[in-house]
Amino acid sequence: MTTYILRRLLVSIPILLGITVIVFFVASKMPGDAVLAMISTETPQAEDLIKLRRGQLGLDLPLYVQYGRWLWQLLQGNLGYSFQTGESVIDILLARIPATLQLMGTALLIAIVLGVAMGVVSALKQYSRTDYTFTFLGFAGISIPDFFLGMVLVYLLAIQWPLFPTSGISTAGEPYSLVDNLRHLALPALALGLVRTATFMRYTRTSVLEVMNNDYVRTARAKGLSEWLVVVRHILRNALIPVVTVIGLTLPVLFGGSVIIEMIFQWPGIGLMFIGAVTARDSPVIMGYVLFSAVMVQASNLLTDMAYSFLDPRIRYD
Amino acid sequence: MPSLLEVRDLVTRFYSEGAVIHAVNGVSFSLDTGASMAIVGESGSGKSVTVMSLMRLVRFPPGRIEGGEVIFEERDLLRLSEEEMRRIRGNRIAMIFQDPMTSLNPVLSIGLQMTEGLRAHLGLGERAARDRAAEMLSLVGLPRPKERLDDYPHQFSGGQRQRIMIALALSCNPALLIADEPTTALDVTVQAQIVELIQGLREKLGMAVIWISHNLGLVAGVVDKVAVMYGGHIVEQSPVDELYEHPRHPYTLGLLKAIPKMDGRDQGRLFSIDGMPPDLRRPPESCPFAPRCIYAVDRCRQALPPLDELGAGQSVRCWRADEVAALNVAGAMR
Ligand SMILES: Nc1ncnc2c1ncn2[C@@H]1O[C@H](COP(=O)(O)OP(=O)(O)OP(=O)(O)O)[C@@H](O)[C@H]1O
Ligand SMILES: [Mg+2]
C-alpha cells in the first residue's frame, strides 16, 4: 500500500507539471497583459511606462524563460508575487484557502448526507410517492446549473424571506462570530451542494437497487438480522462503493462550481481571487490557483482509490 | 406427536408488470422432527418460492403470500409478527442457497458474517461467538478455522464457501434446515461431498432437512420422502422407495427417466420432457401437466384433479393415476 501511494505521488509530478505548462502558455495568449490591465493607455507617457513595467515584471522575456523562472522559484518553495499588489502568492493563497475549503467542505457534506440518505430511502421505497418526488427533484437538480440555483436561493431566502445574507463571509465591521459566519455560508453552500446532492442521490438509488437484489442480502435476511443491520451492513456497505468513486470524481467539478458561486456571493475564497487575477492578467496568482487546485484534484483521486480498497477487500493495491 | 412442520394450502403470487404470477398454488406437506424430504421439479415449478414462503422471505413488492398456514413447532408462522419471525429465521429454521459464490457478502469477513447471527439469536458476546463460529467451521471440515475467520469470501473456493454457508446455517442449531439446490453450482465431485456432509450433520445434530433439487438421483439416498412439484402444485408425494417403485404421476415418470445415469457426466440439470412449462400468469383450471402428458384424456383438460391420498404416505394429483401405474408396470415388464 505504501509503495502504491509513493508510486502514485511520483506519477502525479509530471501530471502537475504538464498542467502548469499548458495553463501558463494558454494564459499568456489571453489578449492584453498585466500592465495594460493596470495602466490607462490614455496617459501621455503611456508607451514608456508600459515598457518599463513590462521590464520590471519580466513580461518582455520569451515565454519559456518566464515559465522557467516560475518553475525555478517553485522548486525553492516560492510561488512568486502578485503583479497587482506585490504580495507573496503563497500568502494570498493561505489567507483565502480556508474560506474556500469551508464552502466546498460544507457543500460536499450537504451533498453526501442528503444525497445518500435520499437515495437510500428512494431505493428502499421504490415506486412509492417519496421515490417519485425524490426522482423528480433529482432530475430538476441535475438540470439546473448551480449559479442559477444560487440566484433562485437568493431570490427566495434573501429577498422574499430575508433569512440569510447574500454576500461575504461575515458581517463587515462586526467581531467574528460562528453564527454570523454560518448564516453567510448557508446560501452559497446550498447552491453549490444541492446540485451535487441530486447527482449523489441518483447514483445511490441505482446502486442500492442493484445491491438489494443480491443473494447475500437474502442470506442476511435468512439469518434473522434486523432490517436495520441488513440495510446498513449488507446493503449500504456494498452500495456505497461506486458512490465513493462518484464523490471523488465530483471534486474537480466542485472546484469549478465554487469559482462561480464565490463570485455570485462575494465569498472571499480562492475562486474569487482567481476571477480577479484573470481580469488583471495576474499570472503568478493564476498559476498559484491552478497549481493548488490541481494538487487537490490529484489528492482526491488518490484518496478515492484508497477509500475504494478500504471498502472492498477484493481490491488490493501493491 | 405433532409434526415439526405442517404446510397447508400455501398460496404465493407475484405481481409484476401488470401480470399476476401464480407461483405456488395451494401446496400442502408435512415433515416430522428430524426427518428429511426432497422437493423436486423442473425450473420454475415453484420450489424456491415455496420454501422462501415458509421463512417469509418473499418480499412485497413483487411477491405476496396470499393464503394457507405454515405450522412450525405448533405456531402458524404466517401469523407471527415480523419481530417474532425474525427470531425464527436463522435460529429455528435455517437455509442454504444454490450459489455459494454470491450468497456470502463479498465485503465482510467470514467471521463477521458467521457471528452476527449467533449474537442476534444466542446473545453471545464477540469472543464466544467467534469461538462458536470456528467450532462450526471445523465441523464442516474447513482447515485452520480460527485463522480463516478474518478472511473474505473471495479467498475461498466454491466448495469451501458452501461449507461455510452450511456452518453458518447450522450455527444456531436449527430444528429445520432448508437446502435450496446447495450443490447445483458446484463441481460434480464436490456435489456428493456436500450432500454427505449435510447428511452426516443431520444425523449428528438431529435436525430435519428439506432438500430442493433438480437431481433426484443425488438426494434419493438421503431423504425419507419426495414431493414432486409442477406448475406451483405438488403433483405427487411419496416415500422415496415407493416413488421409485410405483410412480403414479406421469410427470414423476418423466423425472425418473431423466435421472442422470451413474456412468459419468451430469446431464440432469434440465429434464427432457417434451413441451413447455405452464404459463404461470394464466394457470389453467385443468391439470397443468395435461398439455405435455402422453396419457392425457379429455377430463384432464377440463378439471384440476384433487390430491388423492393413497395411504402409506403417498398422494397424487392425477385423474388417471391408477391406469398410469398399471401401464408403467406393464412397460417395465416388457
Ligand atoms: N421475485 C420474483 N418476481 C416475479 N416472479 C417470480 C419471482 N420469484 C419467482 N418468481 C416466479 O415464480 C415461479 C417459481 O419460481 P421458483 O424460483 O420457485 O422456481 P424453482 O422451482 O425454484 O426453479 P429453479 O429450479 O430454477 O430454481 C417462476 O415462474 C418465477 O418466474
Ligand atoms: Mg429455485
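The values are calculated or read from the model by the stated rules, or taken from the named source; none is laboratory data. Quick caveat: nothing in here was measured; it's all calculated off a predicted structure. FYI the Cβ positions are ideal-geometry reconstructions off the backbone, even for glycines, and counts take in every protein chain you see. Quick note on the areas: whole protein, heavy atoms, side chains included, nothing else; ligands and nucleic acids left out. Shrake-Rupley method; radii C 1.70, N 1.55, O 1.52, S 1.80 Å.
Observations
- A:TYR289 within 14 Å of chain B (Cβ to nearest Cβ), assigned to a helix (DSSP H, G or I) and at negative phi: no
- In segment A:85-106, the residues that are free of Cβ contacts under 8 Å to residues at least 24 places away in the same chain form Cβ pairs under 9 Å with partners that are surrounded by 18 or more Cβ atoms within 10 Å (Cβ to Cβ) and in a strand (DSSP E or B), at six or more places apart or across chains, as follows: A:GLU87/A:TYR81; A:SER88/A:TYR81.
- Candidates B:ARG269, B:ARG281, B:ARG265, filtered to the one that is modelled with pLDDT of 80 or more, surrounded by fewer than 21 Cβ atoms within 10 Å (Cβ to Cβ) and under 24 Å from the mean Cα position of the chain (by Cα): B:ARG281
- Yes/no for A:LEU114 being within 28 Å of the chain's Cα centre (by Cα), part of a helix (DSSP H, G or I) and touching a residue at least 24 places away in the same chain (Cβ under 8 Å): yes
- Qualifying residues in segment B:59-78 (those that are touching a strand residue (DSSP E or B) at 6+ places or on another chain (Cβ under 6 Å) and of a type in the set (A, V, I, L, M, F, W, C)) - the one farthest from A:ARG221 (Cα to Cα): B:ILE71
- Residues located in segment B:57-77, provided they are assigned to a loop (DSSP other than H, G, I, E, B) and within 13 Å of chain A (Cβ to nearest Cβ): B:LEU57, B:VAL58, B:ARG59, B:PHE60, B:PRO61, B:PRO62
- Of all residues in segment A:95-129, those that are surrounded by fewer than 17 Cβ atoms within 10 Å (Cβ to Cβ) and at pLDDT 90 or above total 9.
- Residue in segment B:78-92 that is away from chain A (no Cβ under 11 Å) and open to solvent by less than 40 Å² (accessible area, probe 1.4 Å) present: yes
- Scanning segment A:130-146 for residues that are touching a residue at least 40 places away in the same chain (Cβ under 8 Å) and either surrounded by fewer than 15 Cβ atoms within 10 Å (Cβ to Cβ) or touching a strand residue (DSSP E or B) at 6+ places or on another chain (Cβ under 6 Å) (or both) turns up A:PHE139, A:ALA140, A:ILE142, A:PRO145.
- Hits in segment B:161-176 (condition: open to solvent by less than 10 Å² (accessible area, probe 1.4 Å) and either under 11 Å from B:VAL140 (Cβ atoms) or within 16 Å of ligand 2 (Cβ to nearest atom) (or both)): B:GLN162, B:ILE164, B:MET165, B:ILE166, B:ALA167, B:ALA169, B:LEU170, B:SER171
- Filtered residues of segment B:203-225 (kept if open to solvent by less than 30 Å² (accessible area, probe 1.4 Å), at pLDDT 85 or above and assigned to a helix (DSSP H, G or I)): B:VAL222
- Residues of segment B:29-51 satisfying the condition of being within 22 Å of B:PHE72 (Cα to Cα), within 9 Å of ligand 2 (Cβ to nearest atom) and either within 14 Å of chain A (Cβ to nearest Cβ) or over 12 Å from the mean Cα position of the chain (by Cα) (or both): B:SER48, B:VAL49, B:VAL51
- Taken as a whole, the structure leaves A:ARG281 outside the set of residues that are without any contact (Cβ under 8 Å) to a residue 12 or more places away in the chain and in a loop (DSSP other than H, G, I, E, B).
- Checking A:GLN73 against (1) out of contact with any strand residue (DSSP E or B) (no Cβ under 9 Å at 6 or more places or on another chain); (2) touching a residue at least 12 places away in the same chain (Cβ under 8 Å), the condition it does not meet: (2)
- Some residue of segment B:120-127 being among the aliphatic types (A, V, I, L, M) and more than 9 Å from chain A (Cβ to nearest Cβ): yes
- Unique match (being modelled with pLDDT of 90 or more, within 23 Å of B:PRO182 (Cα to Cα) and within 13 Å of ligand 1 (Cβ to nearest atom)) among B:VAL40, B:VAL11: B:VAL40
- Scan of segment B:96-105 for residues that are at the interface with chain A (Cβ under 7 Å from one of its Cβ atoms), open to solvent by less than 10 Å² (accessible area, probe 1.4 Å) and not in a loop (DSSP other than H, G, I, E, B), ordered by number: B:SER103
- Here segment B:176-202 is the region considered, the condition is being closer than 21 Å to B:THR50 by Cβ and part of a helix (DSSP H, G or I), and the residue that is farthest from ligand 1 (Cβ to nearest atom) is B:ARG202.
- Test: residue in segment A:55-69 that is assigned to a loop (DSSP other than H, G, I, E, B), closer than 30 Å to A:THR166 by Cα and free of Cβ contacts under 8 Å to residues at least 60 places away in the same chain: no
- Single unsatisfied condition, B:GLY158 versus (1) free of Cβ contacts under 8 Å to residues at least 24 places away in the same chain; (2) surrounded by fewer than 18 Cβ atoms within 10 Å (Cβ to Cβ); (3) away from every other protein chain (no Cβ under 12 Å): (1)
- Looking across segment B:48-58 at every residue that is open to solvent by 10 Å² or more (accessible area, probe 1.4 Å) and within 9 Å of ligand 1 (Cβ to nearest atom), the one that is farthest from B:ILE212 (Cα to Cα) is identified as B:VAL58.
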